[in-house]
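The values are calculated or read from the model by the stated rules, or taken from the named source; none is laboratory data. Note that the structure is a prediction, hence the values are computed from the model and not measured. Glycine also receives a Cβ, built like all others from the backbone with ideal geometry; neighbour counts cover every protein chain displayed. We work out accessible area using only protein heavy atoms, side chains counted, and drop any ligands, DNA or RNA first. Shrake-Rupley method; radii C 1.70, N 1.55, O 1.52, S 1.80 Å.
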Amino acid sequence: MEDKNYLNDLKEIKEMMSKSSQFISLSGLSGVLAGIYALVGAYFAYKTIYFDTSTSGNYSYLIISENAVIKLFAIASIVLVLSIATGILLSIKKAKESNDKIWNATSKRLVINFMIPLAVGGYMGLYLIEKENFALLTPLTLIFYGLACVNASKYTLGDVRYLGLSMISLGIINTFFVGYGLLFAALGFGVCHIFYGGMMWFKYERIK
Amino acid sequence: MKNIIQNINKAFDHRIRLGIMSVLMVNESVDFNTMKEFLGATDGNLASHIKALEADAFISVEKQFIGKKPNTKYSITPIGKKAFQDHINALEKLLSQK
């Protein structure tokens with residue numbers, strides 16, 4: 001009888017420690033969907049860049065018209081907004097199912113720590129666009145997004161850390177192949193999101 | 001065997017107190033409302049357990065105002081940390097002996 005209580009105590013200690021330090025309602029499925037949006041976005045970006053009549057040059061070295069840049073910016077923004085909205089909605093759903101609040105101390109901490117590297121990266125990205133230095137845009141975006149994931153992973157499911165490390169690696173490799181930004185963006189934001197999101201969904205959500 | 005039992009701390013012999021200590025082990029400081037949310041306890045119940053742990057010097061209390069609202073933050077003391085760690089170790093040892 002006593003033993004069972006001790007075991008329960010230990011279980012409760014462990015549960016409370018992770019519940020109070022990590023936001024566990026992050027939805028893996030939203031990662032998969034974000035990856036799919038990114039791939040669809042990459043497809044449209046590919047069409048915009050390489051089949052736009054105003055574009056000249058070959059695959060790895062080309063000159064993009066201003067019109068195409070605006071179009072790419074619009075595609076990227078739509079993918080971003082859709083991904084964030086999906087992430088929030090599915091996490092709210094997951095939190096409701098496990099009777100957790102979506103906006104609590106742990107999710108606040110997660111968002112703040114995710115936003116710090118991401119905001120710096122966003123600033124650097126805009127700076128590069130303003131200076132019309134597009135070659136380093138994708139590596140930089142991948143690296144800062146990866147750093148944001150690694151930083152945020154302490155406050156949520158551990159898989160996010162590996163997503164971040166993969167993004168950083170892709171970003172660094174991309175610096176050796178600067179003309180292939182779109183391909184690396186599709187690999188990172190598309191394939192990696194689908195892979196890790198799928199893994200998280202498989203591990204934490206599917207069983208229920 | 002007797003040694004282990006001694007390390008089982010009676011002060012932690014309650015779900016809420018166990019919860020408070022667990023939360024404070026992994027968080028630098030936590031305010032009253034957040035603690036309430038984590039543990040799913042009522043105001044009075046939580047306050048009385050906090051008082052008991054404070055009396056044992058296991059947790060420390062910091063009162064401040066955010067605007068006009070009073071805000072009380074709790075954190076674990078070194079004594080509390082050690083006592084709770086001993087408690088966890090004792091629980092684990094007791095279970096592994098079976």
**OP:** Can you confirm whether region A:152-164 contains a residue that is within 14 Å of the chain's Cα centre (by Cα), more than 19 Å from A:Ser27 (Cβ to Cβ) and without any contact (Cβ under 8 Å) to a residue 40 or more places away in the chain?
**Re:** no
Original post:
Is there a residue being closer than 30 Å to B:Ile20 by Cα, at pLDDT below 90 and open to solvent by 70 Å² or more (accessible area, probe 1.4 Å) anywhere in region A:26-42?
Top reply: no
Original post:
Restricting attention to region B:21-33, which residues are open to solvent by less than 40 Å² (accessible area, probe 1.4 Å), of a type in the set (Val, Ile, Thr) and at the interface with chain A (Cβ under 7 Å from one of its Cβ atoms)?
Top reply: B:Val23
Original post:
Has region A:150-163 got at least one residue that is in contact with a His (Cβ under 8 Å, 6 or more places away or on another chain), among the aliphatic types (A, V, I, L, M), in a helix (DSSP H, G or I) and closer than 30 Å to B:Asn27 by Cβ?
Top reply: yes
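Return yes or no: is A:Thr106 touching a Phe, Trp or Tyr at 6+ places or on another chain (Cβ under 6 Å), at pLDDT below 95 and open to solvent by less than 20 Å² (accessible area, probe 1.4 Å)? Give the steps one after another, and end with the answer.
Numbers: touching a Phe, Trp or Tyr at 6+ places or on another chain (Cβ under 6 Å): yes; at pLDDT below 95: yes; open to solvent by less than 20 Å² (accessible area, probe 1.4 Å): yes.
Considered against the rule, which asks whether it is touching a Phe, Trp or Tyr at 6+ places or on another chain (Cβ under 6 Å), at pLDDT below 95 and open to solvent by less than 20 Å² (accessible area, probe 1.4 Å), A:Thr106 comes out as yes.
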Original post:
Residues B:Lys82, B:Lys36, B:Lys73: which one is open to solvent by 90 Å² or more (accessible area, probe 1.4 Å) and either within 17 Å of A:Ala105 (Cβ to Cβ) or out of contact with any Cys (no Cβ under 8 Å at 6 or more places or on another chain) (or both)?
Top reply: B:Lys82
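I'm checking my understanding of the structure. Among residues of region A:168-185 that are within 25 Å of A:Tyr50 (Cα to Cα) and either within 12 Å of the chain's Cα centre (by Cα) or not in a helix (DSSP H, G or I) (or both), which one is modelled with the lowest pLDDT?
A:Phe177
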**OP:** Note down all Cβ pairs under 6 Å where the first residue falls in region A:169-182 and is of a type in the set (Asp, Glu), the second is open to solvent by 60 Å² or more (accessible area, probe 1.4 Å), and they're at least six residues apart or on different chains.
**Re:** none
Original post:
So B:Ile50 clears everything in (1) facing another protein chain (nearest Cβ under 9 Å); (2) surrounded by 19 or more Cβ atoms within 10 Å (Cβ to Cβ) except one condition, right? Which one?
Top reply: (1)
Original post:
So which of B:Lys68, B:Lys73, B:Lys10, B:Lys93 is touching a residue at least 60 places away in the same chain (Cβ under 8 Å), more than 9 Å from chain A (Cβ to nearest Cβ) and either closer than 18 Å to A:Lys14 by Cβ or over 12 Å from the mean Cα position of the chain (by Cα) (or both)?
Top reply: B:Lys93
**OP:** Could you please give the count of residues in region A:183-194 that are open to solvent by 30 Å² or more (accessible area, probe 1.4 Å) and touching a residue at least 60 places away in the same chain (Cβ under 8 Å)?
**Re:** 3
